[in-house]
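Let me begin by presenting the structure, written as structure tokens, before commenting on it.
The values are calculated or read from the model by the stated rules, or taken from the named source; none is laboratory data. Not measured: the values here are computed from a predicted model. Positions of Cβ are generated from backbone atoms using ideal geometry, with glycine treated the same way; all protein chains shown enter the neighbour counts. All accessible areas refer to the heavy atoms of the entire protein, side chains included, with ligands and DNA or RNA removed. Shrake-Rupley method; radii C 1.70, N 1.55, O 1.52, S 1.80 Å.
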Amino acid sequence: MKIGVLALQGDVREHIASLGDCGVSARSVKTRDDIDSIDALIIPGGESTTIAKLARAFGVFDLIKARIGSGMPTYGSCAGMILIADQILDGGPDQEILGGIDVQVRRNAFGRQVDSFETDLSFAGIGGTTFRAVFIRAPWVESVGAGVEVLASFNGHPVAIRQGHLLATSFHPELTGDNRIHRFFVDQLCKESSKVRL
Ligand code: GLN
């Protein structure tokens, strides 16, 4: 199972390190050949309009969209959550998204950069205690479709969701040193999908 971290913007090294803690040697990816060589993908936080534009500039936007559509396990954190949602609210003018999860996500829902914060959340399926969640100009999930599982919520808003091979969090687990969400992605989404293919 080869996992790539989209290396156009954001916490690429931190995600690679978190996957390393889970025993997975991940690679940074940004070209078409890179994307063709992986079985699963993490899209880090950053700025969703910028990541979409860079993905277009590097010629990988449609390829990633097609891979997500054909079942590649993908985890999007923060801007990555926005990118793999089917619909966004408060998007930039003509903002493009990849889509995949049947949710509506509100961009910058918690306010501006100065309204960034940390909190402890219960997260279904990762075991142990609560998870320290770092929200940086984060989105929240406004509404979920029937097939979407809510894994964590904050103040009544879903902030971690899963639909089949797709996982998204509003917050940044790569910044905390707690690798349980990366492990969940590897064990529950990536390994499951490789079993299906065998
Ligand atoms: N506010 C950013 C956006 O709209 C996301 C912030 C983040 O990824 N930390 O894309």
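Would you mind listing the helices (runs of 4 or more DSSP H) fully within region 1-116 where at least 2 residues are among the hydroxyl-bearing types (Ser, Thr, Tyr), touching a helix residue (DSSP H, G or I) at 6+ places or on another chain (Cβ under 8 Å) and farther than 29 Å from residue 157 by Cα?
none
Given 129, 74, 169, which one is of a type in the set (Ser, Thr, Tyr) and farther than 16 Å from residue 189 by Cβ?
129
Considering only region 175-198, state which residues are within 16 Å of the ligand (Cβ to nearest atom) and either open to solvent by 10 Å² or more (accessible area, probe 1.4 Å) or farther than 18 Å from residue 73 by Cα (or both).
Scanning region 175-198 gives 175, 176.
Among what's in region 8-22 and is free of Cβ contacts under 8 Å to residues at least 40 places away in the same chain and surrounded by fewer than 20 Cβ atoms within 10 Å (Cβ to Cβ), pick the residue that is farthest from residue 42 (Cα to Cα).
So, considering only residues that are free of Cβ contacts under 8 Å to residues at least 40 places away in the same chain and surrounded by fewer than 20 Cβ atoms within 10 Å (Cβ to Cβ), the one farthest from residue 42 (Cα to Cα) is 20.
Sort out which residues of region 28-54 are near the ligand (Cβ under 10 Å from one of its atoms) and surrounded by fewer than 22 Cβ atoms within 10 Å (Cβ to Cβ), and write them in order of number.
46, 47, 49, 50
For residue 90, work out the one condition from (1) at positive phi; (2) within 16 Å of the ligand (Cβ to nearest atom); (3) open to solvent by 10 Å² or more (accessible area, probe 1.4 Å); (4) touching a His at 6+ places or on another chain (Cβ under 8 Å) it doesn't fulfil.
(4) is the only condition that residue 90 fails.
Looking only at region 129-164, filter to residues that are within 14 Å of the ligand (Cβ to nearest atom) and of a type in the set (Phe, Trp, Tyr); which one of those is farthest from residue 119 (Cα to Cα)?
Going through the qualifying residues, I end up with 140.
Inside region 59-87, can you point out the residues that are open to solvent by less than 10 Å² (accessible area, probe 1.4 Å) and hydroxyl-bearing (Ser, Thr, Tyr)?
If the condition is that a residue be open to solvent by less than 10 Å² (accessible area, probe 1.4 Å) and hydroxyl-bearing (Ser, Thr, Tyr), then 74, 75, 77 are the ones that fit.
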